[in-house]
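Structure first, then comments.
The values are calculated or read from the model by the stated rules, or taken from the named source; none is laboratory data. For clarity, every value in this text was computed on a predicted model and none was experimentally measured. Cβ atoms come from the backbone with ideal geometry, glycine included; neighbour counts cover every protein chain shown.
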Ligand code: HEM
């Protein structure tokens, strides 16, 4: 468009005064540009004043240019979208930056605040569980699974028993995906986990984008996530397969300070702590300080606190205090919330990055501002 109007400008500058006068009279639409041209010609193009009125060559040239402009304008008004697209192509592909991801973070945080009608008042715990279940399928031997791919979108993985109930977290994030279509599901689901932890007053979780969405053939087989009815041997086997050590296993389990078990999902029932939407080291404190007994019910075997009978522990939670290798870390985190936050954050960063072929270096991770910073 710019070059069309430039040639029109040049044409009019050389056009005869009578032509200019006539066209000014004939169309109010072109009056403004013509005034501007006249103003310019007074300054720099004195030679045109010597042209005889009605020079036919010049008139032809001017009329041609006018027609070109009119055609260009018509094309533009009919194809505004095409011009917009062409302009975008000239600018190159959109490469989201830190501020763009912070925007997505802010939108998730705002939606968490808004949708306080769920469970204990927050989707935070189930968002964290979604991010963990995407990542926890990783197998270090084969390099398969992990948070790259968002393969839980597909039926085989989405309907694995361990993933029951996570549709609610995926549904929660769908409007965010619509708002920011450039982000991949796999980056979004992990960002949801990061946001959930920070917004529930947990530590900062540095983040790198770079996950791509993959097709159904990348779904992992059932059975890669832990089975809560098992013991420490199983916990070590599952987390060992992902590449974690004892300290990291205990630190990551501190996530059970958040959320609850649902009978219609896992079959288990109840929360682990009295503040299931705030991340603290209470999970470790309660494990050590409360008396726990088998819950008397017809559901799967779980523990309940003797005093209030409102809290629960899974057999795998109880394995952390029963096992000699795990217990010192439970004691450490029960006594030191800062140490827990540090090791939890380190563990979660590693968990959320399993199986992702990043192009961004580790020291270039981003830390998002929380809504209350
Ligand atoms: C031995 C390891 C683990 C086992 C056996 C286990 C098992 C479970 C089970 C059975 C539930 C209840 C699900 C429901 O009924 O809705 C649950 C919930 C949850 N898990 Fe784990 N989990 C483990 C490790 C982790 C880790 C490593 C994290 C995160 C880092 C995590 C985060 C959560 C959260 C936040 C919830 C609450 C979800 C909600 O409120 O909807 N879990 N887990």
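The residue of the stretch 171-205 that is farthest from residue 353 (Cα to Cα), among those that are outside any helix (DSSP H, G or I) and within 12 Å of the ligand (Cβ to nearest atom), is 200. Across the stretch 230-276, what is the number of residues that are surrounded by 15 or more Cβ atoms within 10 Å (Cβ to Cβ), in a loop (DSSP other than H, G, I, E, B) and near the ligand (Cβ under 10 Å from one of its atoms)? Final tally of qualifying residues: 12. Of all the numbered requirements in (1) away from the ligand (no atom under 14 Å from the Cβ); (2) part of a loop (DSSP other than H, G, I, E, B), residue 332 misses one, and that requirement is (2).
For the subset of the stretch 111-144 comprising residues that are without any contact (Cβ under 8 Å) to a residue 60 or more places away in the chain and within 24 Å of residue 178 (Cβ to Cβ), which member is farthest from the ligand (Cβ to nearest atom)? Write out each step before concluding.
So in the stretch 111-144, the residues without any contact (Cβ under 8 Å) to a residue 60 or more places away in the chain come out as 114-118, 134, 142.
Filter once more, keeping what is within 24 Å of residue 178 (Cβ to Cβ): 114-118, 134.
Values: 114: 18, 115: 14, 116: 14, 117: 15, 118: 9, 134: 11 Å.
Per the stated criteria, the residue is 114.
All of (1) surrounded by 18 or more Cβ atoms within 10 Å (Cβ to Cβ); (2) within 12 Å of the ligand (Cβ to nearest atom); (3) farther than 27 Å from residue 329 by Cα hold for residue 168 with one exception: (1).
Determine whether the stretch 297-308 contains at least one residue that is near the ligand (Cβ under 8 Å from one of its atoms), at pLDDT 95 or above and assigned to a loop (DSSP other than H, G, I, E, B). So far as the stretch 297-308 goes, no, none of its residues is near the ligand (Cβ under 8 Å from one of its atoms), at pLDDT 95 or above and assigned to a loop (DSSP other than H, G, I, E, B). Is it the case, given these coordinates, that residue 147 is within 16 Å of the ligand (Cβ to nearest atom), outside the structural domain of residue 310 (by TED's automatic domain parsing) and out of contact with any strand residue (DSSP E or B) (no Cβ under 8 Å at 6 or more places or on another chain)? Yes: the conditions hold for residue 147.
Restricting to the stretch 298-342, count the residues that are without any contact (Cβ under 8 Å) to a residue 24 or more places away in the chain, in contact with a strand residue (DSSP E or B) (Cβ under 7 Å, 6 or more places away or on another chain) and closer than 14 Å to residue 253 by Cα.
Total satisfying the criteria: 0.
Looking at 311, 287, 279, just one residue is under 30 Å from residue 113 (Cβ atoms) and more than 10 Å from the ligand (Cβ to nearest atom), and that residue is 311.
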